[in-house]
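Here the structure is laid out as structure tokens; the discussion comes afterwards.
The values are calculated or read from the model by the stated rules, or taken from the named source; none is laboratory data. Since we're looking at a predicted model, the values are computed, not measured. Heads up, the Cβs are rebuilt from the backbone with ideal geometry, glycines too, and the neighbour counts pull from every protein chain shown. For the accessible areas, the whole protein counts, side chains as well, though only heavy atoms, and no ligand, DNA or RNA atoms are used. Shrake-Rupley method; radii C 1.70, N 1.55, O 1.52, S 1.80 Å.
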Amino acid sequence: MLDRPHSILFESISSDMSVANSPELPLRLLGEGCLSTLVHAELISTDTSGVTLKAATVEGDCLFAQVDAAGDGIIRVRLREDPSVVSRASLTIPLVTPEVYEDTIIEIDDLTVVVHAGPISAEITLDPWHLRFVDANGRLLVGQNPGEQDASGRLCSLAFGRSRINGEVVAYHESFTAAADERFVGFGEKFTELNKRGQHPLMWHFDASGSDSNRSYKNVPFYYSSRGYGVLVDSGAPVEFDVCHSTHGCVQIVVPDDLIDYYVLAGPTFSEIIDRYNRITCRPTLPPKWAFGTWMAAGFRPDSQAEVLERAATIRKRGIPADVLHLDCYWQIVGHWSDLRWDREHFPDPRRMLSSLAKRGFRVSLQINPYISHLSPLYDHAARHNYFLVQPDGAVHLADVWNGTFPPCGVVDFTNRDAMLWFTGLLRPLLRQGVAAFATDLTESLPPTAIASNGMTGAELHNIYTMLFNDAVADVTKEIAGHSMVWTRSSFTGGQRHAPHWSGEARCTYPSMGSTLRGGLSHGLSGVPFWSHDVGGCTGTPTADLYVRWAQFGALSPLVRFHGMTSRLPWDFPAHAERAVVEALRLRYSLLPYLYSAAVEAAETGTPMMRALLIDSPDDPAAWGADLEYRLGRDLLAAPMINQDGTRMVYLPAGEWVDHWTGTVHTGSRYLRVTPPLDRLPLFVRHGALIPVVDVAATVPDGPFADLTLVSWGGRTSRTVLRDVDGTTTVTALRSGDKFDIRSTGPAVIQSVAFAFVHGDQPPRSLKLNGKELPIETR
């Protein structure tokens, strides 16, 4: 058992929580001490899932390697000294649960062992040791790198094995040879370029203070390769991925845990890989339907019941579609955060307030965090009952989680079941009053030297703490409110069950909006289909044009929330900006049948609503580099304006794309320069698509969408699937000359069909919907 934090990595992180730099991977002479990599192995046992091997290392260590079929298309690999050892995180919260796979095939001869798991196989050479993974046709997906050497004979990659420092084991590691043209995406919400080749992702949650660095609020030790496979590491430790960074032909994985435990997932498509990822982690949670409406916040400032009610009235008066009012921490007594008690001076009757808002069609979400000020009346009670993380001497570990702006706090210990029950007991009355949801914040600030009730240090608990917190909040929300949505800033492996995630405190600049978009695409490629961001940015005050451009991006994001340190209320900006923002929201609300249908599909498959172009165009190299635009569902392509000069390049993938605003048809597989006016975001529709829309309402309906209009973009033969709370409807459209015949099977009630203006296309002269003649409508 490793006695962390002994590794250099942990010491680096623990010494300065604000610095993300990790040490360079060591260069060692071949055979030099402290690097112990596998040289040969012998088979010692087999079972129904795989094989166990006794491996010798270059240093003479004896380690145990296990290679198993962990599901159809899933291979699991483990290396450890003690075959019974598991990762420290899994003792607290299981991150990955392998499937029972009954169709494993194992082939054995004198020199090789092959473990087949359907569309993927692991081929093991025993002497000298080597492991590679191939698809069902024998095509190489990826293979271990045996340890690259530079011109002087020094090793410059960490091959399969482990390392010591001062005689103590500090990490296990693996290295894969990377093809020269191979690309890699994933690793969580990373704000850097989408293709991570040449980067060094570190799986350690930071209060990133924006979206302008390689720090992340949300890390997922999973990546997807352009060669059609995925890799997932099962560890809560700060895993390092050197993605062709220190040596350009090798991906290196360093795991400062008691073993290395990873999964290789077969594709070849992203959808197949993410489905396998979901099968061994968890399925995504679909947010309630109302959550896809607009969320509004007034800014991080003192607030009151009277002001909240006035905001609600103003939103309705000004015709702004909105469903949720979000209250930042000031719903509580300042200096007592976050003891989950209303500030009765400023919110004298919260139950009445919540009831009044509900009658106007508003839900309310509250900002919370897992820290309780030492000034709160609840602090002494929690301290006496050992509900907080402690110092090594047993005293409560007071943490400066607010960077000096608010009092130090005790950190709720969610490894202590009694503490968890006490904390959720504080949430339960709020939900019964009518609070609809909670936004969980600041969980990246865990003190690394603190001790939990289960013996884990803050450093060991750091990455998984947010999962324990979010699980507790989700469970009590499900119990009272009937849904398990948590609007969360921090997450880890399996975090797709806590939907949605938001991108944190981006600065109010165009570059930050661009990097925020990259973060959302990266997170979607890491298994999280529901994501959002603070419209306008969080830190600072956006200019009017930036506010409009960010609102357009938000309106065409999976979920949309207006939130920041200062006001993001539309009427606090110039009139022209307010008009443009409201128009963007009206566009969103008209598209809600399409968006919700995409959301249901995302929950079922794991493929994100906001789709990086590479998902649908994996063989197009340009699509892997197009990380400032996205497909929203299958049929829309949005390209937010990320430059102040009002001009940008948009890459259109293969096919034909119709400009939503002008009807101009563009051939894909090329770049297009666009200069839209301020009130328009570049938006393209797949030529021939059928898009369901509704008349704009003030709120999202709880039940099925009524009075649907199906808009045909080009009047062509096409097919679409509509998903709603009452089930799935399949719609087919057949064009034959001047006749257009639409058939629907399912519960959706389609009242009318319209034809969008598309240059060069003529609408039909005859239209039938399920055998009934309809008038021809154009838009």
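Here's the yes/no breakdown for (1) in contact with a Gly (Cβ under 7 Å, 6 or more places away or on another chain); (2) of a type in the set (Asp, Glu); (3) in a strand (DSSP E or B); (4) crowded, with 24+ Cβ neighbours inside 10 Å:
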site: Ala179; (1), (2), (3), (4): no, no, no, no
site: Glu182; (1), (2), (3), (4): no, yes, no, no
site: Phe191; (1), (2), (3), (4): yes, no, no, yes
site: Leu194; (1), (2), (3), (4): no, no, no, no
site: Ser211; (1), (2), (3), (4): yes, no, no, yes
site: Asn219; (1), (2), (3), (4): yes, no, yes, yes
site: Arg227; (1), (2), (3), (4): no, no, no, no
site: Leu232; (1), (2), (3), (4): no, no, yes, yes
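When you look at Gly520, is it assigned to a helix (DSSP H, G or I) and under 22 Å from the mean Cα position of the chain (by Cα), yes or no? Against the criterion (assigned to a helix (DSSP H, G or I) and under 22 Å from the mean Cα position of the chain (by Cα)), Gly520 qualifies.
Table: residues versus (1) acidic (Asp, Glu); (2) closer than 17 Å to Gly188 by Cα; (3) open to solvent by 10 Å² or more (accessible area, probe 1.4 Å).
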{"position": "Gly482", "(1), (2), (3)": "no, no, yes"}
{"position": "Gly494", "(1), (2), (3)": "no, yes, no"}
{"position": "His533", "(1), (2), (3)": "no, yes, no"}
{"position": "Asp545", "(1), (2), (3)": "yes, no, yes"}
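Scanning the range 445-484 for residues that are outside any helix (DSSP H, G or I), within 25 Å of the chain's Cα centre (by Cα) and modelled with pLDDT of 95 or more returns Gly482, His483, Ser484. Scanning the range 575-607 for residues that are in contact (Cβ under 8 Å) with a residue 24 or more places away in the chain and among the small types (Gly, Ala, Ser) returns Ala577, Ala580, Ala584, Ser590, Ser597, Ala598, Ala599, Ala602, Ala603, Gly606. If I ask for residues that are open to solvent by less than 30 Å² (accessible area, probe 1.4 Å) and in contact (Cβ under 8 Å) with a residue 24 or more places away in the chain, which ones from the range 663-678 would you list? Answer for the range 663-678, where residues must be open to solvent by less than 30 Å² (accessible area, probe 1.4 Å) and in contact (Cβ under 8 Å) with a residue 24 or more places away in the chain: Gly663, Val674, Pro676. If you scan the range 349-369, which residues turn out to be hydroxyl-bearing (Ser, Thr, Tyr) and touching a Leu at 6+ places or on another chain (Cβ under 9 Å)? Selection gives Ser356, Ser365. Annotation: of all residues in the range 409-435 being assigned to a loop (DSSP other than H, G, I, E, B) and open to solvent by 10 Å² or more (accessible area, probe 1.4 Å), the one that is nearest to Ser484 (Cα to Cα) is Gly434. Considering the range 645-677, and only residues there that are among the aromatic types (Phe, Trp, Tyr) and touching a Phe, Trp or Tyr at 6+ places or on another chain (Cβ under 8 Å), the residue that is nearest to Arg634 (Cα to Cα) turns out to be Trp657. The set of residues in the range 149-164 that are open to solvent by 50 Å² or more (accessible area, probe 1.4 Å) and in contact with a strand residue (DSSP E or B) (Cβ under 9 Å, 6 or more places away or on another chain) comprises Gln149, Ser152, Arg154, Arg164.
Residue check: is Glu148 touching a Ser or Thr at 6+ places or on another chain (Cβ under 6 Å) and at pLDDT below 95? In short, yes.
Evaluating Ile124 against the criteria (1) part of a strand (DSSP E or B); (2) of a type outside the set (Asp, Glu); (3) in contact with a helix residue (DSSP H, G or I) (Cβ under 8 Å, 6 or more places away or on another chain) leaves one unmet condition, (3). Filtered by the rule that a residue be closer than 19 Å to Glu601 by Cβ and not small (Gly, Ala, Ser), the range 291-316 gives a lone residue, Phe292.
The helices (runs of 4 or more DSSP H) found entirely in the range 586-667 that carry 3 or more residues being more than 16 Å from the chain's Cα centre (by Cα) and closer than 27 Å to Thr285 by Cα are 592-605, 613-616. Flag not set for Tyr651, criterion: out of contact with any Asp or Glu (no Cβ under 9 Å at 6 or more places or on another chain), over 23 Å from Val535 (Cα atoms) and at pLDDT 95 or above.
The single residue among Thr539, Thr488 that is in contact with a strand residue (DSSP E or B) (Cβ under 6 Å, 6 or more places away or on another chain) and open to solvent by 10 Å² or more (accessible area, probe 1.4 Å) turns out to be Thr539.
Of everything in the range 766-779 that's outside any loop (DSSP other than H, G, I, E, B) and open to solvent by less than 70 Å² (accessible area, probe 1.4 Å), which residue is nearest to Leu591 (Cα to Cα)? Top of the filtered list is Leu769. Of the strands (runs of 3 or more DSSP E) lying entirely inside the range 671-765, those containing at least 1 residues that are basic (Lys, Arg) and farther than 28 Å from Leu613 by Cα are 727-736, 739-745. Given the structure, is Leu126 more than 26 Å from Ser225 (Cα to Cα), among the hydrophobic types (A, V, I, L, M, F, W, C) and modelled with pLDDT of 95 or more? Against the criterion (more than 26 Å from Ser225 (Cα to Cα), among the hydrophobic types (A, V, I, L, M, F, W, C) and modelled with pLDDT of 95 or more), Leu126 qualifies.
Applying a threshold of 8 Å to beta carbon distances and a minimum spacing of six or more residues, or different chains, the list of pairs starting in the range 264-275 at a residue that is of a type in the set (D, E, K, R) and ending at one that is not in a strand (DSSP E or B) reads Glu272/Gly73; Asp275/Thr605; Asp275/Gly606. The conditions of being within 26 Å of Val581 (Cα to Cα), open to solvent by less than 60 Å² (accessible area, probe 1.4 Å) and either modelled with pLDDT under 95 or not polar (S, T, N, Q) (or both) are not met by Pro747.
Here's the yes/no breakdown for (1) hydroxyl-bearing (Ser, Thr, Tyr); (2) open to solvent by 10 Å² or more (accessible area, probe 1.4 Å); (3) touching a strand residue (DSSP E or B) at 6+ places or on another chain (Cβ under 7 Å):
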| residue | (1), (2), (3) |
| --- | --- |
| Thr247 | yes, yes, no |
| Val251 | no, no, yes |
| Leu265 | no, no, yes |
| Thr269 | yes, yes, no |
| Asp275 | no, yes, no |
| Pro287 | no, no, no |
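Residues in the range 510-527 that are of a type outside the set (Ser, Thr, Tyr) and open to solvent by 10 Å² or more (accessible area, probe 1.4 Å): Pro511, Arg518. Of everything in the range 679-721 that is among the charged types (D, E, K, R) and over 30 Å from Lys359 (Cβ atoms), the residue that is surrounded by the most Cβ atoms within 10 Å (Cβ to Cβ) is Arg686.
Could you say whether any residue in the range 385-396 is polar (S, T, N, Q), under 24 Å from His462 (Cα atoms), in contact (Cβ under 8 Å) with a residue 60 or more places away in the chain and open to solvent by less than 30 Å² (accessible area, probe 1.4 Å)? No: zero hits. Among the residues of the range 107-134, those identified as in contact (Cβ under 8 Å) with a residue 40 or more places away in the chain, open to solvent by 30 Å² or more (accessible area, probe 1.4 Å) and more than 16 Å from Asp47 (Cα to Cα) are Gly118, Pro119, Asp127, Pro128.
Before we move on, is Ile93 within 30 Å of the chain's Cα centre (by Cα) and not small (Gly, Ala, Ser)? Spelling it out, Ile93 is indeed within 30 Å of the chain's Cα centre (by Cα) and not small (Gly, Ala, Ser).
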